[in-house]
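Data first, discussion second: the structure below is written as structure tokens.
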Amino acid sequence: MGDVRLMKGNEVIAEAAIRCGCDGYFGYPITPQSEVMETLMARQPWEQTGMVVLQAESEVAAINMVYGGASCGKKIMTSSSSPGISLKQEGITYLAGAELPALVVNVVRAGPGLGTIQPAQSDYFQSVKGGGHGDYKLIVLAPASVQEMNDFVGLGFELAFKYRNPALILSDGAIGQMMEKVELSDYKPRWTDEEIQEISGSWATTGKKSDRERNISTSLDLDSARQEQFNHKLQAKYRAMEENEVRFEKINCDDAEYLFIAYGSSARISQKAVELGREKGIKIGLIRPITLFPYPTKAIQEMLGQVKGILSVEMSAGQMVEDVRLAVNGKVPVEHFGRYGGIIPTPEEVLEALEQKIIGK
Amino acid sequence: MTATTEINKIINEDNLVYKKTNLLLDNEMHYCPGCTHGVIHKVIAEVIDEMDIQNETIGVSPVGCSVLAYNYIDIDWQEAAHGRAPALATATSRLMPEKYVFTYQGDGDLASIGCAEIIHACNRGENIVVFFVNNAIYGMTGGQMAPTTLEGQVTATTPYGRNTALNGHTMKITEMIALLPGTRYVTRQSAETPAAVRKLKKAVRKAFENTTEKKGLSFIEIVGTCSSGWKLTPTQSNEWMKENMFPFYQLGTLKDE
């Protein structure tokens with residue numbers, strides 16, 4: 001057993017960043033994720049690992065600092081909550097367009113607008129369908145526990161560098177604020193200049209050496225034919241992610257006649273609803289998407305021979321349910337159940353919704 | 001003896017008093033005739049070459065006419081979103097403190113949409129150099145009003161002249177920046193005569209030397225022309241600049257600590 005602690009999800013994001021060899025964090029305070037930067041500032045990682053931590057003047061500046069840092073081949077991250085993530089969308093599409101690896105954390109709160117500081121999952125569309133302008137995708141990881149807040153920081157960076165693409169941890173105010181037992185990752189040193197040269201030397205703007213052409217970090221190409229080719233390249237990358245990076249968890253699915261599909265906090269609640277349902281003799285299973293892009297479409301399709309209906313459970317007015325319906329393509333009934341505005345549903349409500357919307361129909 | 005062989009006799013290493021720096025690439029420049037960007041690029045490239053810091057320098061280009069600056073100077077570049085160059089430079093300089101990092105921004109980019117980023121980078125005293133090219137207009141988008149557009153100046157969005165009641169006042173952002181404790185060297189230069197270019201080059205050298213000494217942020221405004229936006233010939237543009245811009249944007253060093 002390694003370093004086991006009782007910690008808040010947001011604190012763990014900060015701790016995991018330091019331990020995974022992150023080079024820089026640039027952020028701006030917003031509830032309910034301010035503990036990420038507060039923890040970093042208290043930990044002073046610049047004294048220990050050399051990691052840079054800077055409070056920017058705005059979310060807009062923070063994400064553009066991420067762009068600058070990522071352009072240097074460094075492991076760079078930012079975090080925010082929904083209204084702040086909206087402000088970062090410009091920077092995120094530029095990161096995708098310049099093929100820069102970076103990690104963004106969204107501890108989602110309810111919207112639209114200022115909304116409220118309570119947890120929600122209403123940023124699904126923004127996260128997986130674009131958010132900013134242009135045809136791009138993020139690798140979207142959805143933690144359902146404080147442990148996964150730890151694990152996905154390292155994984156997010158790994159995938160971001162593997163594909164030279166920004167990765168997003170889509171958490172929510174519940175997972176960010178709650179305390180749970182967590183086994184922290186071991187310390188990994190930050191990359192040396194030589195390692196950065198080896199990993200990212202073909203594109204990182206570290207100063208032009210005489211043995212290479214200048215590196216340019218840009219998302220601009222005014223030539224439409226080349227721009228189309230570049231977009232083909234991006235699309236091929238996204239198809240490769242769909243091929244290689246789908247992650248999900250199946251719970252009680254072997255004999256399931258009904259299925260919940262839920263991620264993050266909703267998956268935790270739905271798991272309890274599965275238990276309650278099975279106590280009543282209803283054979284319910286749960287598919288928990290861990291990657292929201294790429295989406296576990298095939299995992300859902302493989303269940304269609306055995307299930308009679310599916311309930312998509314989200315703390316939103318119904319966003320992920322569209323991807324469930326695309327996967328199911330009308331073969332079995334699919335309904336959505338959600339609470340929103342910062343309300344977290346109870347397992348009893350979730351089970352009742354299955355009984356009324358699917359089983360009773 | 002033909003004229004060509006006569007010229008070839010003259011052009012030899014012994015007689016060479018001036019040559020284009022190798023850092024200035026041979027890509028065809030997209031700038032309009034009479035534009036100041038080309039001269040400024042040349043000066044920056046020469047200083048980087050003379051200080052022998054090519055492999056330690058990262059430039060950040062803006063959105064605006066100089067968005068393609070990375071096609072002309074042979075160093076590593078980052079191309080920023082509109083106005084955000086100081087944020088990119090902040091991170092780059094903090095993550096690689098031994099490097100020379102500069103932003104190259106126009107007046108729309110720096111004084112309008114990027115006002116927050118430049119003010120805060122200056123206030124933090126980032127160890128970077130900022131080149132601010134002020135031609136009192138948006139060039140790339142077709143000559144619209146900038147914060148720096150003079151009162152009465154005709155642009156695409158002030159077709160009857162800038163009216164302060166309607167369009168607000170002309171902004172002297174360099175004077176504001178000089179007030180911030182994070183800036184160490186703030187100067188306003190021009191590049192319309194050989195003498196002005198030589199003065200500009202001295203300022204550029206000083207700014208990069210401040211980076212070496214980790215003195216903080218050096219800010220060089222260059223008052224320049226936009227013949228296309230102003231709808232004047234290059235020669236007329238220089239005259240218009242001297243008559244109208246220099247009295248308002250007075251040349252000289254505002255701060256040198």
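The values are calculated or read from the model by the stated rules, or taken from the named source; none is laboratory data. Quick caveat, the model's predicted, so the values are computed rather than measured. Neighbour counts run over all protein chains shown; Cβ positions are idealised from the backbone, glycine included.
Scanning region B:36-57 for residues that are more than 14 Å from the chain's Cα centre (by Cα), more than 14 Å from every other protein chain (Cβ to nearest Cβ) and outside any helix (DSSP H, G or I) turns up nothing.
Table: residues versus (1) within 30 Å of B:Glu243 (Cβ to Cβ); (2) of a type in the set (Ser, Thr, Tyr); (3) touching a strand residue (DSSP E or B) at 6+ places or on another chain (Cβ under 7 Å); (4) away from chain A (no Cβ under 12 Å).
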{"residue": "B:Val101", "(1), (2), (3), (4)": "no, no, yes, no"}
{"residue": "B:Gly106", "(1), (2), (3), (4)": "yes, no, yes, yes"}
{"residue": "B:Asn123", "(1), (2), (3), (4)": "no, no, no, no"}
{"residue": "B:Met140", "(1), (2), (3), (4)": "yes, no, no, no"}
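All conditions but one from (1) over 19 Å from B:Ala196 (Cβ atoms); (2) surrounded by 22 or more Cβ atoms within 10 Å (Cβ to Cβ) apply to B:Ile40; the one that does not is (1).
Taken together, A:Arg239, A:Arg288 contain a single residue that is within 30 Å of A:Glu322 (Cβ to Cβ), out of contact with any Leu (no Cβ under 8 Å at 6 or more places or on another chain), more than 14 Å from chain B (Cβ to nearest Cβ) and buried (at least 18 other Cβ atoms within 10 Å of the Cβ), which is A:Arg288. Filtered by the rule that a residue be under 13 Å from the mean Cα position of the chain (by Cα) and aliphatic (A, V, I, L, M), region A:159-193 gives A:Leu159, A:Ala160, A:Ala167, A:Leu168, A:Ile169, A:Leu170, A:Ile175.
When the residues of region A:73-104 are filtered to those that are of a type in the set (Gly, Ala, Ser) and free of Cβ contacts under 8 Å to residues at least 60 places away in the same chain, the one that is nearest to the other protein chains (Cβ to nearest Cβ) is A:Gly91.
Could you check, for region A:229-248, whether at least one of its residues is in a strand (DSSP E or B) and at pLDDT 95 or above? Yes, some residue in region A:229-248 is in a strand (DSSP E or B) and at pLDDT 95 or above.
Summed over region A:1-57, the residues that are on the phi < 0 side of the Ramachandran plot, free of Cβ contacts under 8 Å to residues at least 60 places away in the same chain and of a type outside the set (A, V, I, L, M) give a count of 17.
Taking the condition under 19 Å from A:Tyr163 (Cα atoms) and not charged (D, E, K, R), does A:Ala144 pass? Against the criterion (under 19 Å from A:Tyr163 (Cα atoms) and not charged (D, E, K, R)), A:Ala144 does not qualify. Among the residues making up region B:58-68, those that are crowded, with 24+ Cβ neighbours inside 10 Å and either without any contact (Cβ under 8 Å) to a residue 60 or more places away in the chain or facing chain A (nearest Cβ under 8 Å) (or both) are B:Ile58, B:Gly59, B:Val60, B:Ser61, B:Pro62. Looking only at region A:259-285, residues that are buried (at least 22 other Cβ atoms within 10 Å of the Cβ) and not aromatic (Phe, Trp, Tyr) come to 14 in all. Reported count of residues in region A:26-72, each being among the small types (Gly, Ala, Ser), assigned to a loop (DSSP other than H, G, I, E, B) and away from chain B (no Cβ under 14 Å), is 1.
Within 14 Å of another protein chain (Cβ to nearest Cβ), farther than 21 Å from A:Gly132 by Cβ and of a type in the set (Lys, Arg): does that describe A:Lys209? Yes, satisfied. When B:Ile119 is tested against (1) surrounded by fewer than 24 Cβ atoms within 10 Å (Cβ to Cβ); (2) of a type in the set (Val, Ile, Thr); (3) farther than 24 Å from B:Lys214 by Cα, exactly one condition is not met: (3). For the condition in contact with a helix residue (DSSP H, G or I) (Cβ under 7 Å, 6 or more places away or on another chain), within 23 Å of B:Thr90 (Cα to Cα) and acidic (Asp, Glu), what is the one hit in B:Glu117, B:Glu213? The match here is B:Glu117. So for region A:190-201 (the condition being surrounded by 11 or more Cβ atoms within 10 Å (Cβ to Cβ), part of a loop (DSSP other than H, G, I, E, B) and β-branched (Val, Ile, Thr)), does at least one residue qualify? No, the conditions are met nowhere in region A:190-201.
If you check A:Ser219 against the conditions, is it in a loop (DSSP other than H, G, I, E, B), surrounded by fewer than 13 Cβ atoms within 10 Å (Cβ to Cβ) and among the hydroxyl-bearing types (Ser, Thr, Tyr)? No; evaluated as a whole, the condition is false for this residue. Out of A:Val104, A:Val153, one residue alone is modelled with pLDDT of 95 or more and in a strand (DSSP E or B). It is A:Val104. The selection criterion, being among the charged types (D, E, K, R), more than 14 Å from the chain's Cα centre (by Cα) and either in a helix (DSSP H, G or I) or farther than 21 Å from B:Thr211 by Cβ (or both), does not hold for B:Glu126. Take the residues of region B:89-99 that are in a helix (DSSP H, G or I) and at the interface with chain A (Cβ under 7 Å from one of its Cβ atoms): which is nearest to B:Gly229 (Cα to Cα)? Filtering first and then ranking leaves B:Ala89.
Residues in region B:131-152 that are exposed (fewer than 15 other Cβ atoms within 10 Å of the Cβ) and either under 19 Å from B:Ser66 (Cβ atoms) or touching a residue at least 40 places away in the same chain (Cβ under 8 Å) (or both): B:Thr141, B:Gly142.
Restricted to region B:153-231, the set of helices (runs of 4 or more DSSP H) holding at least 3 residues that are under 21 Å from B:Met241 (Cβ atoms) and in contact (Cβ under 8 Å) with a residue 40 or more places away in the chain comprises B:173-178, B:194-212, B:227-230.
Of the set (1) under 21 Å from B:Gly106 (Cβ atoms); (2) of a type outside the set (Asp, Glu); (3) modelled with pLDDT under 85, all apply to B:Leu24 but (3).
Can you give me the number of residues within region B:69-88 that are within 8 Å of chain A (Cβ to nearest Cβ) and without any contact (Cβ under 8 Å) to a residue 40 or more places away in the chain? The total comes to 10.
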